[in-house]
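Read through the structure below, which is laid out as C-alpha cells, and then see the notes.
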Amino acid sequence: MKFPVTTSSMKSVISFNWNRFKSKLLVTYTISYILIFLVPLSCVTFIIYHNATSNLRSEIEQSNVNQLNQVRLSIDNQMNNLLETANTISFDEHLTRFMISHPYYSRDAIASLARYKTSNTMLEELFLYYRGDDRIYSSQGMTDLDLVFNDMFRFERWQPEEIKKALNETAITTVRPAEYVTISSRKENKLAMLVPIKTNDSSPYGTLLFIVKEEQLTGVMDSILNDFSGSSYILSATGEVMTAKYRGDALQGHDLTALAKLEPGIHSTVMGDERYSVVTVKSGVNGWTYVTAIPSYQFFEQVGQIRTIILLVFMITALVGIAAATLLARRQYHPIRDLLEFASLQDGVKETTKSRNEWDWIKQTIHDFHARIDMQEPFVRNQCLMLLFKHGKPDDPEIERMIVQSGLKLPEHASCFTMILSLDEHSRDEQSWEEQRALLAWLNQLDLSELNARIYGVEFSVTHELALMVTLLPSQEDDEARLVNRIVDELCKRMEERLTRHPVLGIGTVYDDLSGLNQSFLEAASALEQRNLTLGGPIAYFEELTEPAAADSGESYWIPKKSLLKLEQSLKQGNESTALQLIAGMMGKLKREKLSAGLLRCLCFDMLNSLLRTAAELGMDEVHGEISSLHSFETLEGLENRLSSLAIQICSAATHQTETAQPALMDEIVAYVSQNYADYTMSLEHIALKYDTSTSYLSRSFKEKTGLNFTQFIWQCRLKEVMRQLVRTSAPLKEIIERVGYLDAPNFIRKFKKETGCTPGQYRKLHSAGFTVTEKE
C-alpha cells in the first residue's frame, strides 16, 4: 500500500527538523558575532579611556604647574617690591635718624613713610625702628615701642619682648608665617617681614617691619588658581606654612613637612592614609615652596565627565553592534536554512537522527551535487577537446583550469598526438544508433596501460568522424615512431572486435605540449584526406607523406608539401588563426632564403594555388575574378597581405558550409533538447559547441525549425512536464520543479501563474480529478 506524501506533512517534518537545530546554531552564530564585536570594542574603549584620562590628568597637572608658576612669579614680584622699598628707605635722606627725630623735619619723614606705605597695596603698615631706641616710627607718626605692640598691633603668638628683640637683632630679611593680629579691635591674619637696614650691611643700624596683608597673597592664589578644587600652600624653606588656602581637609604635621621636601614637579603621594595628587614649584628669590594638593578621588571626579561620555558612547556602540551582530548572524544563517530545506527535500523528507545537524545535511547535499558534476564531466572534457583540436591551447586561465580538471593536462615529460577515425557510410549503416553511441562512449576515455598511453575521443557530429587525443606517458620506449605504430595497431585490433569494417585512420605528428595538439589535428586531417584521394591503406601517417626530391643546385628550395596540406586543411576546417599563422610562417621562410626571382615567384604561386584549389573545392566561384589581382604582386609583403585576406574569406565560407552541410542537423538538435531539457546546465552555447556550429546560426535555425527561440522551447518543455506531473503525481512542487531542471522555484511559480493564470497548487486541484495519483512516477 502506498501512502501519499502531502505538502503540509512535508513542511511539518522540515519545520520540526529545522527548529530543532535552529536555536542552537543560530544562537552560536549570534554569540560568536557579538563576542567578535564586543571583545575588540572593550579593549579599544579601555585603551581610549585610559589614554584620555591619562592625557587629561597630565593636562590638568601641567596646567596646575603653570598656574603655580604664575602665582610664584606674582608673589615674588611683590616681595621684591618690598625689598626695593626697604632699600629705598635705607637711602632716603628724609628718613635718617637725625631727620626723623628732629622736631621740625620729623613731619616730612612721617609723610615719606606714609607715601611708601600707600605705594604698596600689600602693606597694612610699615614701621621704621632705629636700634637701641624706645620709639618706633610709622605712617601714623612716632609711637612708643611697647604701646604699639601691646595695644595697637597685638600679635597672637609673637610677644612684644620677642618683637623688640627681633627689631634689635635681625641681621637678614626674615618673614614670619601668617598669624592673627588685633588691630584696633579687629582681628586679621597678617605676615610680618623684618628687613635690616641698611640692606646687605654687616652692621645694620635699624630694622624695617612690614605688616603684610595675608589676603593679598591668598587673593593672588585665588585669582590664578580659581578653577582648582584642592588646597594650596606657601611653605617656607624650613617647612612652615606661610599662608594657605584650604578647600577640604587641611594637611597637618609631618605631611606638611613632607610637602616641603618634595622636588619641584608633579607627584602622587600618600598623606594621612589618602593618596594625593601634588604639584610643587620653588621660588629662587626667597626659597618658598608653592604647593597644590588634591585627593585623587576628587581629581578623578574632574575627569568623570569624560568617563561618562566614553561609557555612554561605549554602551550605544555596543547596543548597535549587538543588533548588527544579531542581524548579521541571521543573514549568515539564512543560506544555511535554505540549504537545510533543500537537503531535506533531497533526502526524501526522512526524519534524521539526533546526531545529525545542519552541516551533515549540507554535506550530503554537496555530495549529491558532486555526483551530478561527475555526470557532467565527460561533456566538459569533450568541449575542452574540441577547443584544443580546433583552436589550440587557450590563454584563458579559466579554460586552462577546466582542461586540468578534465584530466587533459599532460603529465611531466609526456607528449601527445592526434588520430582521426573516419567511419565510411557502409559502416554507419551497419551500426544502430545505440551501437554508435556505445563506440563513442568506449573511445571517450580508453586506457592502454600496457603501452603507457591514454586516449580521449570526441565526435565531429557533422562529418561523422572521431578525433582522438593520444597521451604518451613517460616510458622506457626510446623509438617514438615505433611506439605510435604499436598504439595504432593495438587500437585497430580492439576496434575489429566492435566493427565489421576496418575504419580509416589519419595520424598526426607527436608534440610535447598541448599547444601542438591543434597542429597534430590538422596533420591527421591532411593525412586522412590524402589517403582518401590516393585510395591508399586504411592508416595514413602524416610523417609518411612524400616530399619532392631536391635537386643538387644550391639554390633549390621547395615549400614542404606537408605545410601546404596543413594550410589547406586549416582552411577547410575554417580555422582562421592557424591558417594565417601557417601563411606567415611560410612567407617568413621564403624571405630568409636566398632564391632567384623566378624560383621565388613559382614558390609563391604554389601557396596561391593551394588557396585557390581549396576555394574551388568549397565552390567559391567569386574568387576567379580576383586571380588577376592576386598574381600581380610586387613584394612578398604585398602577396602575404593578399593571401591572408583570401584565407579569411575561405575560412568564413568553410564555416558557413559546415553549418549548412547537413539538413538533418536541426532535427537531431531538437530531438536532443527534447530529451535532455531537464539538464539545468543546458544552454545555447553548450549545444552549439557540442554540434560544432556557431551560436548565431543555431539560434536562428532553431527558431526557424520550432517557431520558438531556444529559451522559450526549454521553458515550454519544462512547463508541460510540470503540468503533467502536477496532475498525475502527488510529488511536492519543489521536487517536481527540480526534476525538470529548474532550481529557482519562486521564479518558476511566478512564470507558471503568468502562463496559465493560476498557481501550480490551484492547477493541481483543478485538473487532478479523474486521475490515479501516485507518490512517485
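One table, with the values for the structure above:
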| quantity | calculated |
| --- | --- |
| Of all residues in the stretch 124-147 being touching a Gly at 6+ places or on another chain (Cβ under 7 Å) and within 20 Å of TYR105 (Cβ to Cβ), the one that is surrounded by the most Cβ atoms within 10 Å (Cβ to Cβ) | LEU128 |
| The stretch 232-248, subset small (Gly, Ala, Ser) and within 60 Å of the chain's Cα centre (by Cα), residue surrounded by the fewest Cβ atoms within 10 Å (Cβ to Cβ) | GLY248 |
| Tally, over the stretch 233-261, of residues that are in contact with a helix residue (DSSP H, G or I) (Cβ under 8 Å, 6 or more places away or on another chain), farther than 19 Å from GLY284 by Cα and of a type outside the set (A, V, I, L, M) | 2 |
| Test set (1) closer than 26 Å to GLU240 by Cβ; (2) over 60 Å from the mean Cα position of the chain (by Cα) - LYS198 fails condition number | (1) |
| Those residues of the stretch 480-509 which are open to solvent by 30 Å² or more (accessible area, probe 1.4 Å) and under 21 Å from LEU410 (Cα atoms), in sequence order | GLU480, ALA481, ARG482, ASN485, ARG486 |
| Output for the stretch 138-190, where each listed residue is assigned to a strand (DSSP E or B) and among the acidic types (Asp, Glu) | ASP144, GLU179, GLU188 |
| Flag if LEU56 is among the hydrophobic types (A, V, I, L, M, F, W, C) and either outside any helix (DSSP H, G or I) or within 30 Å of ALA293 (Cα to Cα) (or both) | yes |
| Single match in LEU251, LEU259 (criterion: over 59 Å from the mean Cα position of the chain (by Cα), modelled with pLDDT under 85 and over 15 Å from LEU225 (Cβ atoms)) | LEU251 |
| Any hit, the stretch 713-732, residues being assigned to a helix (DSSP H, G or I), modelled with pLDDT of 90 or more, of a type in the set (D, E, K, R) and open to solvent by less than 50 Å² (accessible area, probe 1.4 Å) | yes |
| Residue check for LEU82: open to solvent by less than 30 Å² (accessible area, probe 1.4 Å), within 19 Å of LEU191 (Cα to Cα) and not in a helix (DSSP H, G or I) | no |
| Scan of the stretch 281-291 for residues that are touching a helix residue (DSSP H, G or I) at 6+ places or on another chain (Cβ under 7 Å) and not aliphatic (A, V, I, L, M), ordered by number | SER283, ASN286, THR289, TYR290 |
| Count of the stretch 196-213 residues which are over 12 Å from LEU123 (Cβ atoms) and touching a strand residue (DSSP E or B) at 6+ places or on another chain (Cβ under 6 Å) | 5 |
| Pairs, first closer than 11 Å to LYS190 by Cβ and in a helix (DSSP H, G or I) in the stretch 201-216, second of a type in the set (Ser, Thr, Tyr) and open to solvent by less than 60 Å² (accessible area, probe 1.4 Å), C-beta under 9 Å, six or more apart | GLU214/THR243 |
| Long-range neighbours under 8 Å by Cβ, at least six apart or interchain, first residue within 15 Å of MET587 (Cβ to Cβ) within the stretch 602-614, second of a type in the set (D, E, K, R) and in a helix (DSSP H, G or I) | SER610/GLU568 |
| Only listed residue being open to solvent by 20 Å² or more (accessible area, probe 1.4 Å), within 27 Å of GLU59 (Cβ to Cβ), at pLDDT below 85 and in a loop (DSSP other than H, G, I, E, B), chosen from SER229, SER223, SER268 | SER229 |
| Given (1) in a helix (DSSP H, G or I); (2) modelled with pLDDT under 80; (3) farther than 19 Å from ASP222 by Cα, number of the condition GLN298 does not satisfy | (3) |
| Subset of the stretch 568-593 [assigned to a loop (DSSP other than H, G, I, E, B) and either acidic (Asp, Glu) or out of contact with any helix residue (DSSP H, G or I) (no Cβ under 8 Å at 6 or more places or on another chain) (or both)] | GLU593 |
| All positions within the stretch 148-170 that are open to solvent by 30 Å² or more (accessible area, probe 1.4 Å), farther than 18 Å from ALA244 by Cβ and touching a strand residue (DSSP E or B) at 6+ places or on another chain (Cβ under 6 Å) | ARG154 |
| Those residues of the stretch 23-68 which are over 30 Å from ALA329 (Cα atoms), of a type in the set (S, T, N, Q) and surrounded by 15 or more Cβ atoms within 10 Å (Cβ to Cβ), in sequence order | THR53, ASN64, GLN67 |
| Every pair of residues 6+ apart whose Cβ atoms lie under 7 Å, when the first sits in the stretch 491-505 and is in contact (Cβ under 8 Å) with a residue 12 or more places away in the chain while the second is β-branched (Val, Ile, Thr) and open to solvent by 20 Å² or more (accessible area, probe 1.4 Å) | LEU505/ILE539 |
| Test result for MET386, under 30 Å from ILE507 (Cβ atoms), in a helix (DSSP H, G or I), of a type in the set (A, V, I, L, M, F, W, C) and at pLDDT 65 or above | yes |
| Filter result for GLU640 (modelled with pLDDT under 85, of a type in the set (Asp, Glu) and buried (at least 20 other Cβ atoms within 10 Å of the Cβ)) | yes |
| Matching residues in the stretch 96-123 - criterion: being β-branched (Val, Ile, Thr) and open to solvent by 50 Å² or more (accessible area, probe 1.4 Å) | THR96, THR118, THR121 |
| Search result, residues across the stretch 59-109 that are farther than 30 Å from SER277 by Cβ and of a type in the set (A, V, I, L, M, F, W, C) | LEU82, LEU83, ALA86, ILE89, PHE91, LEU95, PHE98, MET99, ILE100, ALA109 |
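The rows are residues; the columns are (1) among the small types (Gly, Ala, Ser); (2) buried (at least 17 other Cβ atoms within 10 Å of the Cβ); (3) touching a helix residue (DSSP H, G or I) at 6+ places or on another chain (Cβ under 7 Å); (4) at positive phi.
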site	(1), (2), (3), (4)
LEU595	no, no, no, no
LEU599	no, no, no, no
ASP621	no, no, no, no
LEU636	no, no, yes, no
LEU646	no, yes, yes, no
CYS651	no, yes, yes, no
GLN657	no, no, no, no
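The values are calculated or read from the model by the stated rules, or taken from the named source; none is laboratory data. Predicted model only: the values in this text are computed from it and were never measured. All Cβ positions, glycine included, derive from the backbone under ideal geometry; neighbour counts span all protein chains shown. Ligands, DNA and RNA are stripped out before the accessible areas are found, and what is left, the full protein with its side chains, is counted by its heavy atoms. Shrake-Rupley method; radii C 1.70, N 1.55, O 1.52, S 1.80 Å.
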